[in-house]
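J.: Mind having a look at this structure? Questions to follow.
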Amino acid sequence: MTEVVSPFRKSSYSGAENNCVEVADIATGGRAVRDSKNQIGPILTFTPGSWRTFLAGAKVEPVK
C-alpha cells in the first residue's frame with residue numbers, strides 16, 4: 001500500500017467546477033495522483049523518475 005505523506009492538493013489551473021486531479025507526496029519520494037471527484041477511489045502512483053518524465057512531457061507544446 002502506498003503511504004501518502006502530504007495532503008492532496010489541486011492544481012492552480014483547476015477550473016471552477018473542480019474537474020481535476022489532485023497530487024500528494026508519497027513516502028518513496030514519488031507522487032500519488034487521484035481524481036478530485038472520487039477521493040476514495042483508486043490512486044495512481046509515480047516513482048520520482050517517472051514523475052519528472054511525466055511533468056516534462058506535460059510541459060511540451062503540442063505539434064501543430
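Readers should treat all values here as calculations from the given coordinates under stated rules, not as data from a laboratory. Just so it is clear, the structure is predicted and the values come from calculations on it, not from any experiment. Note that each Cβ is placed from the backbone with ideal geometry, even for glycine, and that neighbours are counted across all protein chains shown.
J.: Long-range amide H contacts for CYS20: which residues qualify at under 5 Å (H placed 1.01 Å from N, peptide plane, sequence gap of 5 or more or a different chain)?
T.: SER36, LYS37
J.: Taking 7 Å along the Cα-to-C-beta vector as the label spot, tell me the THR47-THR2 distance in nanometres, rounded to one decimal.
T.: Rounded to a tenth, the inter-label distance reads 1.5 nm.
J.: In debye, nearest 20: dipole of the chain around its Cα centre with unit charges on the Cβ of K, R (+) and D, E (-)?
T.: On the way: 8 positive and 6 negative charges, 34 e Å.
Result for the chain is approximately 160 debye, rounded to the nearest 20.
J.: Going by average Cβ density within 10 Å per residue, which order do the peptides 46-53, 26-33, 3-10 take, highest to lowest?
T.: Values: 46-53: 13.8, 26-33: 16.1, 3-10: 11.9.
The most tightly packed comes first, giving 26-33, 46-53, 3-10.
J.: Another question about this same structure. Which label marks the calculated value of Cα extents along the principal axes in Å, given the options [x] 46, 38, 20; [y] 41, 31, 18; [z] 27, 25, 21?
T.: [y]
J.: Using Cα pairs closer than 8 Å and at least 6 residues apart in sequence, work out the relative contact order for the chain, in percent.
T.: The normalised contact order for the chain reaches 24 percent.
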